[in-house]
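Undergrad: Take this structure, written in structure tokens, and hold onto it; I'll ask about it next.
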Amino acid sequence: MAEILIQIAAVLIFFAILFAIIRLVLGKTLVDRIVAVDTLTVISLSLIALYAHVSGRFVYIDVALVYGLLSFLAVLALARFLERGL
């Protein structure tokens, strides 16, 4: 039963990647594209967490946390730049 749930989660993650890439390509404004890239980073965090669970190596969770923190800071910097410049 757990293997089926992991496969369903993987399929949903890949569909989310597909939809985020479509949003990235078809985004009309720069803000749309930034949100799509941020969405892709969140999706990749879930993919890293799923891989950590499947492989049994939970050190990848630390990698995902650092990646998430850096992604958050990058989006904050981009939002500040778009709002009023650095």
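Undergrad: Residue check: is Gly56 within 14 Å of the chain's Cα centre (by Cα) and either under 22 Å from Ala16 (Cα atoms) or loosely packed, with under 15 Cβ neighbours inside 10 Å (or both)? Reasoning before the result, please.
TA: Details: within 14 Å of the chain's Cα centre (by Cα): no; either under 22 Å from Ala16 (Cα atoms) or loosely packed, with under 15 Cβ neighbours inside 10 Å (or both): yes.
Considered against the rule, which asks whether it is within 14 Å of the chain's Cα centre (by Cα) and either under 22 Å from Ala16 (Cα atoms) or loosely packed, with under 15 Cβ neighbours inside 10 Å (or both), Gly56 comes out as no.
Undergrad: Now for a separate question. I'd like the full set of residues that are free of Cβ contacts under 8 Å to residues at least 12 places away in the same chain and either in a helix (DSSP H, G or I) or surrounded by 15 or more Cβ atoms within 10 Å (Cβ to Cβ) (or both), limited to segment 1-19.
TA: Within segment 1-19, Ala2, Glu3, Ile4, Leu5, Gln7, Ile8, Val11, Leu12, Phe14, Phe15, Leu18, Phe19 qualify.
Undergrad: For segment 20-43, give me the residue count where each residue is crowded, with 17+ Cβ neighbours inside 10 Å and among the small types (Gly, Ala, Ser).
TA: Residues that pass the stated criteria total 2.
Undergrad: Then there's this: Tell me which residues, restricted to segment 20-48, are charged (D, E, K, R) and either under 12 Å from the mean Cα position of the chain (by Cα) or part of a helix (DSSP H, G or I) (or both). Explain how you work it out, then say what you get.
TA: Our first condition is that a residue be charged (D, E, K, R); within segment 20-48, this holds for 23, 28, 32-33, 38.
Residues satisfying the conditions are Arg23, Asp32, Arg33, Asp38.
Since every read-out is calculated from the coordinates, none of them should be taken as a lab result. Just so you know, these numbers come straight off a predicted model, no measurement behind them. FYI the Cβ positions are ideal-geometry reconstructions off the backbone, even for glycines, and counts take in every protein chain you see.
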